[in-house]
């Protein structure tokens with residue numbers, strides 16, 4: 001292995017190892033760096049709109065990748081004459097027409113007219129995206145805080161029948177201002193989450209859920225408004241002071257200043273108006289979560305003032321009184337609201353998007369040509385932000401230069417290098433740019449369930465995800481324990497590359513290699529680590545170490561070339577990381593299943609099961625849909641997680657699954673948490 005010329009080292013402050021495939025020419029090394037720079041800058045340009053799955057920009061990226069594959073002479077006609085493997089995903093949930101979203105409360109019949117109230121949408125109530133579409137006309141029960149915590153000797157559901165009824169649930173949890181509270185002191189425990197409460201109701205067959213603020217929330221909301229008002233006032237003063245410093249402002253500066261003043265004034269006006277209210281603000285449509293996979297049970301958020309008459313009438317005390325008693329005694333107060341009914345409807349529109357993986361095939365040769373190596377990277381990102389963004393308050397383009405223009409570029413450059421291969425005996429290489437990775441590894445999951453070539457003939461997979469921030473020469477190589485062949489090979493290869501290596505044996509992880517590992521395929525994943533720009537608008541090309549990427553491309557190409565030509569295919573070995581279960585909001589026993597986030601089934605669809613895990617040993621298979629665990633109904637991942645937390649390692653649970661049109665009940669022995 002020869003070293004690139006000193007000028008490149010000085011320019012990029014890193015040792016640039018030039019592999020034999022370059023012949024050691026400094027000009028070729030610089031050409032690679034320039035090519036990498038150009039690709040990353042294009043893929044992470046504003047023109048591509050952050051490569052969000054619903055943008056036109058991601059289609060431009062797909063065309064760009066396919067064009068490169070074609071230029072290299074790769075086969076790009078595998079899918080109806082194109083390089084594009086199509087599939088559909090659910091993107092975001094929207095609220096339907098106003099007339100299809102309503103709540104009407106009616107009280108017990110008396111000698112006088114019965115109580116009746118049509119609640120006002122977007123003032124007295126809102127449907128929530130964490131629910132589902134549906135209509136109901138049902139009796140009502142009050143479930144307190146909606147908590148099931150037998151380990152804490154507190155259970156709102158113990159003596160409550162809620163099937164086919166509307167369930168009213170308070171926000172948060174008891175004793176939230178008590179540092180000695182068994183509900184994690186003054187911090188919110190996992191029992192306080194919207195999803196936990198809603199899941200508890202769903203598992204028991206509720207017709208609908210209505211959430212309301214706890215007694216403390218209005219005061220907190222008003223306090224937040226006061227703080228916001230002081231911030232807006234300070235902003236207004238700063239704008240004025242800055243403008244006054246301009247001796248001769250231009251017309252453009254005057255116009256810009258007027259616009260900023262209007263925005264600040266509007267913010268102040270809106271805040272002052274809200275401060276005049278009682279602070280009992282209802283949540284917006286997506287404020288409890290962006291959506292769920294459940295297909296039934298609407299969820300709403302309503303004002304306390306709209307719900308309190310029912311509670312007071314039926315239970316003889318107000319919500320505030322009930323909360324105070326629970327705080328004092330830590331004993332649930334729940335009950336049926338006799339004579340009260342709610343007629344309601346929620347209309348949620350699930351938007352779907354057509355997406356695609358981009359596939360190019362480099363055919364093999366000789367006695368190995370019928371076997372396959374996959375080299376992949378996801379090319380989607382977060383678009384204009386929203387779901388998944390760590391700056392959710394913005395609507396800026398999230399260009400994703402490192403995540404994952406870097407990996408996509410690396411995959412394309414490795415394709416360039418391997419296309420020059422002339423070995424007599426070599427495996428085919430399938431290069432795949434995966435879509436919808438940010439939505440839950442959906443693209444790679446779709447591919448392994450609909451492979452272009454038989455998975456039993458796929459001998460290995462290399463994944464590149466976030467390889468653009470090489471710092472202090474540190475490179476993370478994951479999956480090193482997924483084949484006994486990897487360690488001796490990497491020991492030899494690593495000595496020829498100038499990196500500070502961190503090896504991680506596990507084949508699982510939050511990127512597309514996991515989909516292949518779960519099918520029993522050895523994997524290697526390259527990664528340079530998380531950073532402060534991750535999933536933010538600031539993940540731009542300016543933060544990328546292009547010379548470092550070039551080194552990683554060379555390293556990845558060496559791995560690929562070895563996989564392509566090694567005489568005996570690598571054996572697979574199981575290597576899964578045990579999770580640290582401390583501070584995870586409760587210990588969940590190990591089940592060993594992998595959700596299929598692309599499936600639109602009612603229940604939890606599976607794309608795979610962990611080898612020799614509890615689910616696998618019980619006979620649960622990929623494409624099964626879990627619809628029940630013991631007495632708990634499962635409508636999605638939230639219900640599955642919530643149900644498992646009610647058991648411990650070693651428990652035997654009956655799991656109801658749909659396999660095609662058949663219903664099967666299988667017994668799973670839950671494992672130790674991971």
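Values for this structure:
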read-out	value
Lone qualifier among 66, 44, 62 - being out of contact with any helix residue (DSSP H, G or I) (no Cβ under 7 Å at 6 or more places or on another chain), surrounded by 22 or more Cβ atoms within 10 Å (Cβ to Cβ) and modelled with pLDDT of 95 or more	62
Residue match in segment 239-258 (condition: more than 28 Å from the chain's Cα centre (by Cα), in contact (Cβ under 8 Å) with a residue 24 or more places away in the chain and either loosely packed, with under 13 Cβ neighbours inside 10 Å or part of a helix (DSSP H, G or I) (or both))	yes
Among (1) modelled with pLDDT of 90 or more; (2) at negative phi; (3) surrounded by 19 or more Cβ atoms within 10 Å (Cβ to Cβ) - the single one residue 135 does not satisfy	(3)
Filter pass, residue 448 being more than 21 Å from residue 384 (Cβ to Cβ), in contact (Cβ under 8 Å) with a residue 12 or more places away in the chain and touching a strand residue (DSSP E or B) at 6+ places or on another chain (Cβ under 6 Å)	no
Of all residues making up segment 519-542, the number that are crowded, with 24+ Cβ neighbours inside 10 Å and modelled with pLDDT under 95	0
Close pairs (6 angstrom Cβ cut-off, 6 or more residues apart or separate chains): farther than 15 Å from residue 539 by Cβ in segment 36-47, surrounded by fewer than 24 Cβ atoms within 10 Å (Cβ to Cβ) anywhere	36/546; 37/546
Residue within segment 475-487 that is farther than 28 Å from residue 370 by Cβ and over 26 Å from the mean Cα position of the chain (by Cα) present	no
Any hit, segment 78-88, residues being surrounded by 15 or more Cβ atoms within 10 Å (Cβ to Cβ), part of a loop (DSSP other than H, G, I, E, B) and under 34 Å from the mean Cα position of the chain (by Cα)	yes
Selection within segment 609-623 - on the phi > 0 side of the Ramachandran plot and touching a helix residue (DSSP H, G or I) at 6+ places or on another chain (Cβ under 8 Å)	623
Residue list for segment 573-604, filter: at pLDDT 90 or above, more than 21 Å from residue 635 (Cβ to Cβ) and in contact with a strand residue (DSSP E or B) (Cβ under 9 Å, 6 or more places away or on another chain)	590
From the options 137, 113, residue that is without any contact (Cβ under 8 Å) to a residue 40 or more places away in the chain and either outside the structural domain of residue 440 (by TED's automatic domain parsing) or part of a loop (DSSP other than H, G, I, E, B) (or both)	113
Flag if residue 196 is in the same structural domain as residue 134 (by TED's automatic domain parsing), touching a residue at least 60 places away in the same chain (Cβ under 8 Å) and either in a loop (DSSP other than H, G, I, E, B) or touching a strand residue (DSSP E or B) at 6+ places or on another chain (Cβ under 6 Å) (or both)	no
Residues located in segment 403-417, provided they are surrounded by fewer than 24 Cβ atoms within 10 Å (Cβ to Cβ) and in contact with a strand residue (DSSP E or B) (Cβ under 6 Å, 6 or more places away or on another chain)	415
Those residues of segment 486-511 which are within 16 Å of residue 459 (Cα to Cα) and surrounded by 20 or more Cβ atoms within 10 Å (Cβ to Cβ), in sequence order	486, 507
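The values are calculated or read from the model by the stated rules, or taken from the named source; none is laboratory data. Note that this is a predicted model, so its numbers are computed, not measured. Because the Cβ atoms are built from the backbone with ideal geometry, glycine has one as well, and the counts that use them run over all protein chains shown.
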